[in-house]
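Colleague: Input: one structure, supplied below.
The values are calculated or read from the model by the stated rules, or taken from the named source; none is laboratory data. Quick caveat: nothing in here was measured; it's all calculated off a predicted structure. Virtual Cβ from ideal backbone geometry, glycine too; neighbours counted across all protein chains shown.
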Amino acid sequence: MKTMVKASIIKNLEIAPGIYEMILLSKELVETGFPGKFVNLYIEDGQHLLPRPISICETDKNQQTLRLIYAVIGKGTKKLSIMKEKEEIKVLGSLGNGFSVGRGNGKNIVIGGGIGVPPLLELVKQLEGSKTVYLGFRCNPILVEDFKKYADEVYVATEDGSEGYKGNVLELMEQHQAKGDMLYSCGPKPMLKAVADWAKENNIDGELSLEERMACGIGACLVCTCKTAEKEGEDWEYKRVCKDGPVFSRDEVIWG
Amino acid sequence: MKTMVKASIIKNLEIAPGIYEMILLSKELVETGFPGKFVNLYIEDGQHLLPRPISICETDKNQQTLRLIYAVIGKGTKKLSIMKEKEEIKVLGSLGNGFSVGRGNGKNIVIGGGIGVPPLLELVKQLEGSKTVYLGFRCNPILVEDFKKYADEVYVATEDGSEGYKGNVLELMEQHQAKGDMLYSCGPKPMLKAVADWAKENNIDGELSLEERMACGIGACLVCTCKTAEKEGEDWEYKRVCKDGPVFSRDEVIWG
Amino acid sequence: MIKPSLKINIAGVEFKNPVMTASGTFGSGREYGEFVDLNKLGAVVVKGVSSVAWKGNPTPRVAETYGGMLNSVGLQNPGVEEFVKKDIPFLKQYDTKIIVNIAGKTVEEYCAVAERLSSEAVDMIELNISCPNVKEGGVCFGTDSQMAEYVTREVKKYTKQPLIVKLSPNVTDIVEIAKAAEAGGADVLSLINTLTGMAIDIHKRKPVLANIVGGLSGPAIKPVAVRMVYQVAHAVKLPIIGMGGIMLGEDAIEFILAGATAIAVGTANFMNPRATIDVLEGMEGYMKQYGYQEMKEIRGKLL
Amino acid sequence: MIKPSLKINIAGVEFKNPVMTASGTFGSGREYGEFVDLNKLGAVVVKGVSSVAWKGNPTPRVAETYGGMLNSVGLQNPGVEEFVKKDIPFLKQYDTKIIVNIAGKTVEEYCAVAERLSSEAVDMIELNISCPNVKEGGVCFGTDSQMAEYVTREVKKYTKQPLIVKLSPNVTDIVEIAKAAEAGGADVLSLINTLTGMAIDIHKRKPVLANIVGGLSGPAIKPVAVRMVYQVAHAVKLPIIGMGGIMLGEDAIEFILAGATAIAVGTANFMNPRATIDVLEGMEGYMKQYGYQEMKEIRGKLL
Ligand SMILES: Cc1cc2nc3c(=O)[nH]c(=O)nc-3n(C[C@H](O)[C@H](O)[C@H](O)COP(=O)(O)OP(=O)(O)OC[C@H]3O[C@@H](n4cnc5c(N)ncnc54)[C@H](O)[C@@H]3O)c2cc1C
Ligand SMILES: Cc1cc2nc3c(=O)[nH]c(=O)nc-3n(C[C@H](O)[C@H](O)[C@H](O)COP(=O)(O)OP(=O)(O)OC[C@H]3O[C@@H](n4cnc5c(N)ncnc54)[C@H](O)[C@@H]3O)c2cc1C
Ligand SMILES: Cc1cc2nc3c(=O)[nH]c(=O)nc-3n(C[C@H](O)[C@H](O)[C@H](O)COP(=O)(O)O)c2cc1C
Ligand SMILES: Cc1cc2nc3c(=O)[nH]c(=O)nc-3n(C[C@H](O)[C@H](O)[C@H](O)COP(=O)(O)O)c2cc1C
Ligand code: FES
Ligand code: FES
């Protein structure tokens, strides 16, 4: 299932300020690259030893390619961004538990925020039933056209109002009176918490994709835990974002 | 005088088993690249922080190139050996005190051993008067044809007898009844000691190029010292191979 | 050429080779079992187990540093009962030795885990004395020689398996602690645990770790680890399991030459899930290259 | 935007910026003066000076390690007379502060150097207490709090300049030693000196260093250094000069946020002879980026 591969870089270009698209060629990764799963990218510069977890944005079975979208936020992603076509990169994948496609009754709401938007694309491609997509960005929206290919409706909000609705994604949902019976979301923690609260209020089932700093990426080191509700006995327990997640049921997560 | 440059690699090829020739393009390094001086090459792989000192084998003022010959002996030189043409490498140079060309009365004996042979080539090019060169190798001699271009006589010994005299370079010198009034040598420590003893016995002035593990390469850290005779008072003192050397007068060095 | 044997014997237990996993970096072997054949390892050393479940520290629990990492997992574990139920049966499927690392905040807690495990199919117990001693004001058991000797002696009473004491490197004199563990009845010593360190996110102006400080591991610490193994090997008679920054077979050989009988691979697993096997193969390669037949030909054999 | 001021004041001495050189890595500034304008540095901290010439250890004195290096120079120096004659006049040509690091094998030796320098144009004295104390059986002055306090107190009697005490990280409790130095009358603390480490050449089957062990420095040790600076800054009132693995301005800022008033650049010089200036410019860049005007806005100011 999980393998360490040397994948060759087909493309690695800036698609928005500070946002890069990387296309990797790898049969193995494509086979296991379900929506919501992620891969570990190794920088291999001698100095940065830990892998960078990046979600799978899209897989292409024909081309055997994996599409990743990442933001340059620190030294590791900076080094990724200067890698060139035809170079090889060490990748471990596919990792984690993805979204459970088909859990609802066919009325899907998909909510993405910022760099949490890309992991939802393959999901929207694979979801069945109706799909309403709400995307929020600080400025420069990305992937909107891609989502439009697969979704019934795609609504965009930007905080600076440069495109679409001016405001955050929750306000956008309110404006459009979002409805459905299953919700999927990925984005910054405050947004996810607000989405979870909204879903609870509206009694909608949902799945959220979380982020945490990681080391192994496969569940062995316990650095990436998040608080989750325990079924019996104790009030809460730690689960591993890398192995038990990154996708969790919305009622599982305890917001610290 | 000393500068840190990014030099581009014009050539980097294996010229004998485990021995590489690297040609670097750099005006600055060529200008200060006197015989016997060395440069510091930086691996820049994040892991190996210390530079690799490599002697200048030859400089070409017209092409503005520097020729280095190095043996792959550990991880650093291994990494050097896989660098490709057109890549850039960080180089600090030129470092140290070279040979004093013109110190004798014109009858020069030049003695090289193994990877100590390359640093003598530029010297032989620049020496005036007669030049007799003795080169010793374990097997595979290198640069013999180059030396023949500039020297009056070039004698070769190999330990396995595969080429030239079978034996070591001192035996070779004895066989040819080496004579002269100035001697220059570079090679492994036991050879240098034997050469120094021979020179002392025969009352010949001489200069020897030493090696020591280094850090700064410019005289600041004192890790690269060798024992030398003190003029007044104390029996010996430590001198810095990188700054006071690598070339020392044969009567200066104390063999530990 | 005869294939070298990497077999070793520590405190009467036979290991097929000296390659172990460093506690806390390999879970109970399940996850890395997808990448390596656990049958090939000398031993699986499992993550720290305490008498009751520990929740560990808040996140972030990891920070990357130059050639290393900091962790502040805080010994999260489900407690010894859960461990015995789930992990021992899993590990028993494999032909490898099982070493259980145990943690406690009081001497009594350590003893309770040791006693509970004494009747289980566990080959050795590794006592992690880097835990804070809550009864004595939070000072770690491993940084005070009297406490180290005391906890060793007490735990020894409750364990039937050979006892490894795992030393903390955050001490002025590692030899003093090693001797204390020896005096307390340790059968084996393992070292080093992590060096206490800290990283700051200068943009957020906050420590990276929620716990502020954490344990430094990885190749960055190898020179400290090799030094301590060398010093301890020259001062006590007990066999040593060496660890700290081992990435390659060559690193492992350094520890063996310094005097270790076995070695453990920790942080390297995170970079390379097959690190344990790569280390093993690298060690075999070295033995072959120099024609050594047995580990004892090189153990502590510096020229 | 107003250019930020990097000026600092330590124990009454004004430094134009917090960037200093780490003792022993910068000679007396002569060599690096070919690459950097010494006038731009906050201070040049010169290599350790003792009362008489020391020859230091045999070679090899350096070993490369992952993200760091080991050195065993052994404080080779020509003695204080030679130093005063040659190096002080050289350094006086520059508009930078002069800090002299002093070494001794007995308390008397330390005092002798301090006294000799008290009348010289030296701005501060840095007491390197990592030296082995020959009278007390070779244990280092810096690893025993009583000895640390004692040597500080004695040297303080002989020096007219503010006294920096430089702490060794090879201790169980750095705070205890820091407090001892404070009690002994130190005006400033600097930390960390090198961590004791070892490297083995597995092909020669010999320690790389002739001295077997040496001091580990470079980016590998930064997390330990930042942790110790943070701990000491929270425990004593003295200003701190932080060092250990600083390569970039960002690293330096970590130390300032941890509580250091100034920082020193050591091993980084060997990789990059302009490292001190690069660090300075990086610090300025950070100040500008976040609109800070003075160092005290960020010193110890973790959120
Ligand atoms: C499951 C998962 C999926 C992700 N998917 C994406 C994606 O599709 N696109 C994208 O741009 N980013 C994604 N991220 C975040 C991405 O991993 C970080 O932005 C990246 O690791 C930062 O590395 P750096 O070296 O640039 O930052 P630095 O701050 O220099 O990194 C230092 C360390 O912190 C870790 N780190 C820093 N920020 C984060 C973070 N936000 N989450 C986890 N670790 C972090 C790094 O991995 C590294 O170990 C994902 C994170 C997780 C956990
Ligand atoms: C002044 C001088 C000139 C030299 N000129 C040449 C030359 O022209 N051609 C050539 O092949 N070699 C030369 N050497 C030796 C060369 O520097 C080493 O072989 C090389 O540094 C080994 O690096 P490594 O990473 O492959 O070996 P490793 O053993 O992995 O290196 C580990 C560390 O030890 C140092 N080191 C290892 N061996 C030596 C050595 N023999 N001398 C100095 N440092 C060493 C390395 O620089 C590094 O810091 C010279 C050395 C000196 C001091
Ligand atoms: C994430 C992580 C968790 C750890 N947990 C434990 C533990 O539970 N018990 C223990 O004794 N050591 C623990 N350690 C220390 C390692 O076993 C080992 O001693 C240390 O990491 C040095 O080895 P390395 O550099 O190969 O990782 C842990 C280390 C890491 C990185
Ligand atoms: C080659 C070398 C020589 C050193 N000599 C001294 C010294 O004489 N006195 C001293 O107090 N520290 C000495 N040190 C320690 C440094 O000053 C500094 O504390 C340590 O190297 C950590 O900083 P760094 O990682 O930036 O090098 C020396 C360090 C090195 C690498
Ligand atoms: S990153 Fe190791 S358990 Fe999740
Ligand atoms: S290498 Fe630093 S003084 Fe020679």
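Colleague: I need the full set of residues from the range C:249-298 which are among the acidic types (D, E) and crowded, with 24+ Cβ neighbours inside 10 Å, in order please.
Modeller: C:D251, C:E254, listed by residue number.
Colleague: Among (1) surrounded by 15 or more Cβ atoms within 10 Å (Cβ to Cβ); (2) outside any strand (DSSP E or B), where does B:N105 come up short?
Modeller: Every listed condition holds for B:N105 apart from (1).
Colleague: Here's something else I'd like to know. Every residue in the range D:11-23 that is assigned to a strand (DSSP E or B) and closer than 20 Å to D:G266 by Cα, please.
Modeller: Answer for the range D:11-23, where residues must be assigned to a strand (DSSP E or B) and closer than 20 Å to D:G266 by Cα: D:F15, D:V19, D:M20, D:T21.
Colleague: Shifting gears a bit: Tell me, yes or no, whether the range B:77-98 has at least one residue that is within 16 Å of ligand 6 (Cβ to nearest atom), within 14 Å of chain A (Cβ to nearest Cβ) and in a strand (DSSP E or B).
Modeller: Within the range B:77-98 (the criterion being within 16 Å of ligand 6 (Cβ to nearest atom), within 14 Å of chain A (Cβ to nearest Cβ) and in a strand (DSSP E or B)), the answer is no, since none of the residues qualifies.
Colleague: Let me ask another. When you look at B:A178, is it assigned to a helix (DSSP H, G or I), more than 13 Å from chain D (Cβ to nearest Cβ) and small (G, A, S), yes or no?
Modeller: no
Colleague: Now, a different point. With respect to C:M243, is the statement that it is buried (at least 21 other Cβ atoms within 10 Å of the Cβ), in contact (Cβ under 8 Å) with a residue 60 or more places away in the chain and not β-branched (V, I, T) true?
Modeller: It is true that C:M243 is buried (at least 21 other Cβ atoms within 10 Å of the Cβ), in contact (Cβ under 8 Å) with a residue 60 or more places away in the chain and not β-branched (V, I, T).
Colleague: Mind checking which residues of the range D:53-79 are among the aromatic types (F, W, Y) and closer than 18 Å to C:G68 by Cβ?
Modeller: Selection gives D:Y66 alone.
Residue by residue, here is whether (1) surrounded by fewer than 20 Cβ atoms within 10 Å (Cβ to Cβ); (2) within 11 Å of ligand 2 (Cβ to nearest atom) holds:
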| residue | (1), (2) |
| --- | --- |
| B:E28 | yes, no |
| B:I43 | no, yes |
| B:I56 | no, yes |
| B:D60 | yes, no |
| B:Q64 | yes, no |
| B:K79 | yes, yes |
| B:K86 | yes, no |
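Colleague: Name the residues in the range A:70-79 that are among the aliphatic types (A, V, I, L, M) and more than 6 Å from ligand 1 (Cβ to nearest atom), would you?
Modeller: Answer for the range A:70-79, where residues must be among the aliphatic types (A, V, I, L, M) and more than 6 Å from ligand 1 (Cβ to nearest atom): just A:V72.
Colleague: Check every one of the strands (runs of 3 or more DSSP E) wholly within the range C:26-95 and list those with 1 or more residues that are of a type in the set (S, T, N, Q), within 16 Å of ligand 1 (Cβ to nearest atom) and under 19 Å from the mean Cα position of the chain (by Cα).
Modeller: Output list reads C:68-71.
Colleague: Regarding the range B:36-49, can at least one residue be identified that is within 30 Å of D:G67 (Cβ to Cβ), assigned to a strand (DSSP E or B) and modelled with pLDDT under 95?
Modeller: Scanning the range B:36-49 turns up no residue that is within 30 Å of D:G67 (Cβ to Cβ), assigned to a strand (DSSP E or B) and modelled with pLDDT under 95.
Colleague: Of the numbered conditions (1) in contact (Cβ under 8 Å) with a residue 60 or more places away in the chain; (2) within 14 Å of chain A (Cβ to nearest Cβ), C:K288 fails exactly one; give the number of that condition.
Modeller: The number of the failed condition is (2).
Colleague: Next question, about the same structure. Check B:L222, B:L170 and return the single one that is surrounded by 18 or more Cβ atoms within 10 Å (Cβ to Cβ) and either at positive phi or within 14 Å of chain D (Cβ to nearest Cβ) (or both).
Modeller: Just a single option satisfies the conditions, and that option is B:L222.
Colleague: Please go through the range B:177-198 and pick out each residue that is surrounded by 14 or more Cβ atoms within 10 Å (Cβ to Cβ) and either within 16 Å of ligand 1 (Cβ to nearest atom) or more than 21 Å from B:V241 (Cα to Cα) (or both).
Modeller: Correct list: B:A178, B:G180, B:D181, B:M182, B:W198.
Colleague: Only one of B:G98, B:G106, B:G76 is within 24 Å of B:V124 (Cα to Cα) and out of contact with any helix residue (DSSP H, G or I) (no Cβ under 9 Å at 6 or more places or on another chain). Can you tell me which?
Modeller: B:G106
To keep it simple, each residue is scored yes or no on (1) within 8 Å of chain C (Cβ to nearest Cβ); (2) within 21 Å of the chain's Cα centre (by Cα); (3) within 16 Å of ligand 5 (Cβ to nearest atom); (4) closer than 24 Å to C:F270 by Cα.
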residue	(1), (2), (3), (4)
A:L208	no, yes, no, no
A:E211	no, yes, yes, yes
A:K227	no, yes, yes, yes
A:W236	no, no, no, no
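Colleague: Right, something else. Quick one: how many residues across the range D:253-273 are more than 16 Å from ligand 6 (Cβ to nearest atom) and facing another protein chain (nearest Cβ under 10 Å)?
Modeller: 6
Colleague: Among the residues in the range D:213-225, are any within 9 Å of chain C (Cβ to nearest Cβ), surrounded by fewer than 24 Cβ atoms within 10 Å (Cβ to Cβ) and part of a helix (DSSP H, G or I)?
Modeller: no
Colleague: So which strands (runs of 3 or more DSSP E) are wholly in the range A:185-240 and hold at least 3 residues that are touching a Leu at 6+ places or on another chain (Cβ under 8 Å)?
Modeller: Counting at least 3 such residues, we get A:205-209.
Colleague: Would you say A:K90 is crowded, with 17+ Cβ neighbours inside 10 Å, closer than 27 Å to A:K243 by Cβ and charged (D, E, K, R)?
Modeller: Against the criterion (crowded, with 17+ Cβ neighbours inside 10 Å, closer than 27 Å to A:K243 by Cβ and charged (D, E, K, R)), A:K90 does not qualify.
Colleague: Out of all the residues in the range D:25-60, which are of a type outside the set (D, E, K, R), closer than 30 Å to D:E284 by Cα and facing another protein chain (nearest Cβ under 9 Å)?
Modeller: Matches in the range D:25-60: D:T25, D:F26, D:G27, D:S28, D:G29, D:Y32, D:F35.
Colleague: If you go through the range C:158-165 one residue at a time, do you hit one that is touching a residue at least 40 places away in the same chain (Cβ under 8 Å), crowded, with 19+ Cβ neighbours inside 10 Å, away from ligand 2 (no atom under 16 Å from the Cβ) and within 13 Å of chain D (Cβ to nearest Cβ)?
Modeller: For the range C:158-165, residues touching a residue at least 40 places away in the same chain (Cβ under 8 Å), crowded, with 19+ Cβ neighbours inside 10 Å, away from ligand 2 (no atom under 16 Å from the Cβ) and within 13 Å of chain D (Cβ to nearest Cβ): absent.
Yes/no matrix, rows are residues, columns are (1) within 16 Å of ligand 2 (Cβ to nearest atom); (2) of a type outside the set (F, W, Y); (3) within 14 Å of chain C (Cβ to nearest Cβ); (4) under 28 Å from D:A63 (Cβ atoms):
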site: D:I98; (1), (2), (3), (4): no, yes, no, no
site: D:V113; (1), (2), (3), (4): no, yes, no, no
site: D:R116; (1), (2), (3), (4): no, yes, no, no
site: D:G142; (1), (2), (3), (4): no, yes, yes, yes
site: D:E154; (1), (2), (3), (4): no, yes, no, no
site: D:V188; (1), (2), (3), (4): no, yes, no, no
site: D:I200; (1), (2), (3), (4): yes, yes, yes, yes
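Colleague: Taking only the range B:13-34 into account, find how many residues are closer than 28 Å to D:N269 by Cβ and in contact (Cβ under 8 Å) with a residue 12 or more places away in the chain.
Modeller: 11
Colleague: Could you tell me whether the range B:132-140 includes any residue that is touching a residue at least 24 places away in the same chain (Cβ under 8 Å), of a type in the set (K, R) and either more than 30 Å from B:A229 (Cα to Cα) or surrounded by fewer than 22 Cβ atoms within 10 Å (Cβ to Cβ) (or both)?
Modeller: Looking for residues that are touching a residue at least 24 places away in the same chain (Cβ under 8 Å), of a type in the set (K, R) and either more than 30 Å from B:A229 (Cα to Cα) or surrounded by fewer than 22 Cβ atoms within 10 Å (Cβ to Cβ) (or both), one finds at least one in the range B:132-140, hence yes.
Colleague: Follow-up question, since we're still on this one. Mind listing just one residue for me: the one in the range B:241-252 that is free of Cβ contacts under 8 Å to residues at least 60 places away in the same chain and not in a loop (DSSP other than H, G, I, E, B) and, of those, nearest to the other protein chains (Cβ to nearest Cβ)?
Modeller: Among those that are free of Cβ contacts under 8 Å to residues at least 60 places away in the same chain and not in a loop (DSSP other than H, G, I, E, B), it is B:F248.
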